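The values are calculated or read from the model by the stated rules, or taken from the named source; none is laboratory data. Just so it is clear, the model here is predicted, and its values are computed rather than measured. Because the Cβ atoms are built from the backbone with ideal geometry, glycine has one as well, and the counts that use them run over all protein chains shown. When the accessible area is computed, the model is the full protein with side chains, heavy atoms only, and any ligands, DNA or RNA have been set aside. Shrake-Rupley method; radii C 1.70, N 1.55, O 1.52, S 1.80 Å.
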Amino acid sequence: MLSDFFAEKNFLSLKFPITKIFKFQKMNNFVKKVREISLEKKTNLCVAADFVDAEKVLKLAEAVGDKIAIFKTHVDILENFTPDFPRKLKEISSRKNFLIFEDRKFADIGNTVAHQFARGIYKIADWADFVNAHTIVGPGIISGLKKENKNSALILLAQMTPAGNLFDENYAEKTVKMARENSDFVCGFIGSADRPEILRKIRNAAGPDFLILTPGIKFDSAGDGLGQTYNSPQTAIENGADILIVGRGIYNSENWEAAAEKYRVAGFSARG
Ligand code: BMP
């Protein structure tokens, strides 16, 4: 039964120490890679690069590259995208050892998302290590993306951060079930520390073999006037997150590298 599946199992600490994680052998190769990078670089930070200028995104990647495990893009907001952009970003990512997450949030029928993933201007399937999708449309979205997959892993949105969103426990539960049924391709979830009781349940149900990436992270918890909610690195980690996504907290600061270092230390030390 679904409700049994999602019941609090407490079979592991929500905040499992990263150094002990490798005893869990079932994990997808992408999860393993993220865990390896985290250990080696002592970071569970993902920087969200929400600039509209491709050159600025690449500069940010150079500046914070040593501090992060994952670099998150919104390629469709770039005003000067050329195929050179993913090629240059790939070069930085292999030199600085981080993975690239294109936050495309696919949300259509399988046939359409297959085109959106592989074709058009961006050809996301050629370069993204991670992409994400909404599950509201059912598991056909996973099949559509899988059909065009070359070398990416999929993250499902189990929760979101904006105030007043319609995600609830039932939705999260069904999303975890879909992930488990497609664990050859799905490697994790977006979870929000703003509903920590649901985030904890996602972690308990998913176990340590799935990543939970949590946006809405900032030392200063004031919102942005557009619904975004913020929580601290500590709160997110204590409730089951393992990768913290930080955008404006880093790229709006004077010194990107110094700000990333502060979030890296806070996030990684909270992991224990
Ligand atoms: P910021 O830290 O500046 O608020 O940016 C958060 C980033 O995470 C944005 O790129 C946004 O698209 C993304 N995000 C989010 O904020 N909440 C979600 O629920 C899912 C997201 O992908």
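Pairs meeting the criteria (first residue in region 203-224 and more than 27 Å from residue 186 (Cα to Cα) and among the aromatic types (Phe, Trp, Tyr), second residue within 16 Å of the ligand (Cβ to nearest atom) and open to solvent by 10 Å² or more (accessible area, probe 1.4 Å), beta carbons under 9 Å, at least 6 apart or on different chains) are 219/230; 219/232; 219/249; 219/262; 219/263; 219/266. Working only within region 219-251, note down all residues that are within 8 Å of the ligand (Cβ to nearest atom) and open to solvent by 40 Å² or more (accessible area, probe 1.4 Å). Once the filter is applied, which keeps residues that are within 8 Å of the ligand (Cβ to nearest atom) and open to solvent by 40 Å² or more (accessible area, probe 1.4 Å), region 219-251 yields 224, 228, 248. Taking region 140-153 only, how many residues are open to solvent by 10 Å² or more (accessible area, probe 1.4 Å), over 20 Å from residue 31 (Cβ atoms) and not acidic (Asp, Glu)? Of the residues in region 140-153, 3 are open to solvent by 10 Å² or more (accessible area, probe 1.4 Å), over 20 Å from residue 31 (Cβ atoms) and not acidic (Asp, Glu). Among the residues making up region 257-272, a single one is of a type in the set (Lys, Arg), in contact (Cβ under 8 Å) with a residue 60 or more places away in the chain and either within 10 Å of residue 67 (Cα to Cα) or open to solvent by 60 Å² or more (accessible area, probe 1.4 Å) (or both): 264.
As a summary of the residue check, residue 176 satisfies the conditions (1) open to solvent by 10 Å² or more (accessible area, probe 1.4 Å); (2) over 24 Å from residue 98 (Cα atoms); (3) not charged (D, E, K, R) except for the one numbered (1).
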